[in-house]
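Just so it is clear, none of the values below were taken in a lab; they were calculated from the coordinates. Please read all numbers here as calculations on a predicted model, not as lab measurements. Every residue, glycine as well, gets a Cβ built from its backbone with ideal geometry; the counts of neighbours run over all protein chains shown.
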Amino acid sequence: MEENIQIKKITIIGLILNTIIAIIKLVVGFWGNSQAVIADAVHSFSDSSTDLVVIFGVKYWTAPPDASHPYGHKKIESGLTIVIGIILFFTALGLGYHAIESLINFQERNVKIISLVGPILSLIFKEILFHKSYKIGVKYNSSAVKANAWHHRTDALSSIPVLIAVVASIINPKLSYLDEIGAIVVAIFIIKLAVDIISKNFNELIDSAVEAEEMKLIQDILSRNPEVLGYHKVRSRKLGSSVFLDLHLEVDGELTVTKGHDIATKVKHSLINECPKIIDVVVHIEPKKK
């Protein structure tokens, strides 16, 4: 299956790149005496763990519907995406706690210029990886891949305060406390992203309806069809990153069953074609009440 292959391919590339960058950050962080760079290395290693979640999970959520799971397996994707969010959250808590502890017991130290190598490499390559991964996530409407892509971007963006802190510490050792502050900023940034990811995908697990903007588009599509005289009981539920829809259409009561079926089919195709997230629509036809 193309979706499975493409998602695995970009994620494996990310896993290899994450591991290499994380090792480089860890080595130069210890060698260069920079806690912010070491914290950034731990963040990169957490990227590798989320890559593994996606690699081993994609074959399950892309599996076609079967007798036991007639609606497919997309909720596995939401569940695994929450796992990614939880990994991010606790990784950030650990980084923040350690940085705050070091700031409280601050001791001036010399941060070496070699420390700059880690955040610079991360900033360049992780931003490239973000764009490549997010493109695949959008193409296949995969919340897990998009969440993993944002994980790459947090690694790239978190390298900016780290870079600033390291440069300041190199210029003036009295400013080496900025190294800890840089690590704290990274932790806060990751916690915010993790909470957003967990919240969004938890709503998908409990069959939340589509957002108001998407519902407005659905209503506009229904209203455009002149053969549809009315509609009600429009209900939606999220299944992973996909949407199932069911609704009641009112049509001319004098129409034949075949004509009513044709209208329902036309409406269904319009909704699926114009709303990419919708993968199935159940339409109930009833006569327009006079």
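Per residue, the Cα convex hull of the chain amounts to 134 Å³. Of the residues His98, His131, the one with the fewest other Cβ atoms within 10 Å heads the list, and the complete ranking is His131, His98.
Between Lys289 and Tyr71, take the C-beta separation as r, use R0 = 30 Å, and let me know the FRET efficiency to the nearest 0.05.
Numbers: r = 32 Å, r/R0 = 1.07.
Result of the calculation: an efficiency of 0.40.
When only Cα pairs below 8 angstrom with a gap of at least 6 residues are kept, segment 212-287 shows a relative contact order of 33 percent. Over the chain, Cα pairs under 8 Å with separation of 6+ residues give a relative contact order of 19 percent. Residues with beta-carbon under 13 Å from that of Pro65, excluding Pro65: net charge, scoring Lys, Arg +1 and Asp, Glu -1? Here the charged neighbours net out to 0.
Screening the chain for DSSP H helices whose Cα atoms reach 15 Å or more along their own axis and whose mean Kyte hydropathy is at least 0.0 gives 2-32, 35-61, 75-104, 117-139, 143-171, 177-205.
What is the percent of Cα-Cα separations in segment 93-187 that go past 23 Å? Display every interim value, and only then the final one.
Values: 1557 of 4465 pairs.
Summing the P(r) of segment 93-187 above 23 Å gives 35 percent of all pairs.
Inter-label distance, Asp262 to Glu211: 3.8 nm, where each label sits 7 Å from its Cα along the C-beta direction. Each eigenvalue of the Cα gyration tensor of segment 145-290, multiplied by 5 and square-rooted, gives one semi-axis; in descending order these are 54, 12, 11 Å.
With 10 angstrom as the radius, rank Thr265, Thr81, Thr256 by how many other C-beta atoms surround their C-beta, starting from the fewest.
Details: Thr265 12, Thr81 31, Thr256 8.
Taking fewest neighbouring Cβ atoms as first place, the list is Thr256, Thr265, Thr81.
Quick one: Debye curve from the alpha-carbon atoms of segment 212-287 only, equal weights, vacuum; give me log10 I(q)/I(0) at q = 0.12, 0.20, 0.26 Å⁻¹ to two decimals. Debye curve over Cα of segment 212-287, log10 I(q)/I(0) at q = 0.12, 0.20, 0.26 Å⁻¹: -0.30, -0.80, -1.30. Once the C-beta distance of Asn172 and Val27 is scaled by a Förster radius of 25 Å, the resulting FRET efficiency is 0.50 to the nearest 0.05.
Just to be sure I understand: of the beta bridges DSSP finds with both ends in the chain, what percent are antiparallel, rounded to 5?
Working: 8 of 17 bridges.
Antiparallel bridges: around 45 percent, rounded to the nearest 5.
Calculated FRET efficiency, Asn105 to Ser49, Cβ-Cβ distance, R0 = 30 Å: about 0.55 to the nearest 0.05.
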